[in-house]
């Protein structure tokens with residue numbers, strides 16, 4: 001039973017669970033392309049992005065970069081984010097731990113087949129050295145302002161021994177904010193909070209974070225909610 005604000009006893013809502021997809025290998029994220037197709041894109045830690053078309057998982061992965069990814073524990077392919085103008089430019093962005101254990105943020109382009117990415121279209125935006133095996137962060141999300149936000153963990157171990165999250169000259173332990181349309185490989189938005197300050201990484205949008213492995217923008221207010229886990 002549940003109680004409302006007035007204290008009146010209310011009936012517990014009835015919840016039913018229905019299995020939709022089985023047979024996945026370490027799924028860690030699900031999103032859509034904003035293209036009206038109704039497809040859902042499932043990210044697997046092992047390096048694959050699969051498509052669920054509403055009825056089944058397509059036999060061929062949308063993208064398979066398993067050979068580039070160091071997967072397991074807190075490493076792997078973490079997320080994919082589609083460009084706000086994906087239906088026009090076909091760009092998508094991924095965040096993964098490479099075989100050296102470092103963070104890579106890369107852009108890919110969809111091929112002539114809308115269900116397959118051009119594997120040869122990779123363009124690296126960021127490559128960030130990771131000092132330990134945990135706290136890699138991993139979320140990518142375009143904000144209401146059209147900029148790409150990137151979650152970077154503090155680099156790992158325990159208690160941030162290298163003080164990465166509080167050091168403005170490092171990207172670790174931060175939320176980054178970049179303009180992927182303004183330059184090659186990107187431009188830094190002019191209103192980023194540390195723009196023009198000596199000794200800082202101007203990509204930083206927020207600092208002092210342990211492991212922003214997931215975050216999301218409120219669709220009504222634009223507020224950013226962060227979960228620091230994994």
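The values are calculated or read from the model by the stated rules, or taken from the named source; none is laboratory data. Keep in mind that what you see is a predicted model, and the values were worked out from it rather than measured. Because the Cβ atoms are built from the backbone with ideal geometry, glycine has one as well, and the counts that use them run over all protein chains shown.
Structure notes:
- Among the residues of the range 1-46, the ones that are at pLDDT 95 or above and loosely packed, with under 10 Cβ neighbours inside 10 Å come to 1 in all.
- Condition met for residue 172 (modelled with pLDDT of 95 or more and within 23 Å of residue 195 (Cα to Cα)): yes
- Answer residue from the range 201-218, given it is within 17 Å of the chain's Cα centre (by Cα) and in a loop (DSSP other than H, G, I, E, B) and is nearest to residue 79 (Cα to Cα) among those: 211
- Among the residues making up the range 172-224, none is out of contact with any strand residue (DSSP E or B) (no Cβ under 7 Å at 6 or more places or on another chain), under 22 Å from residue 80 (Cβ atoms) and buried (at least 17 other Cβ atoms within 10 Å of the Cβ).
- Strands (runs of 3 or more DSSP E) contained entirely in the range 109-200, each with at least 3 residues that are in contact (Cβ under 8 Å) with a residue 40 or more places away in the chain, within 19 Å of the chain's Cα centre (by Cα) and within 27 Å of residue 64 (Cβ to Cβ): 117-128, 140-142, 148-152
- In this structure, residue 115 does not qualify as at pLDDT 95 or above, crowded, with 22+ Cβ neighbours inside 10 Å and within 20 Å of residue 42 (Cβ to Cβ).
- Among the residues making up the range 90-103, those that are touching a strand residue (DSSP E or B) at 6+ places or on another chain (Cβ under 8 Å) and either outside any strand (DSSP E or B) or under 28 Å from residue 53 (Cα atoms) (or both) are 90, 91, 92, 93, 94, 95, 96, 97, 99, 101, 102.
- The number of residues in the range 68-87 that are within 20 Å of residue 107 (Cβ to Cβ) and either assigned to a helix (DSSP H, G or I) or within 16 Å of the chain's Cα centre (by Cα) (or both) comes to 13.
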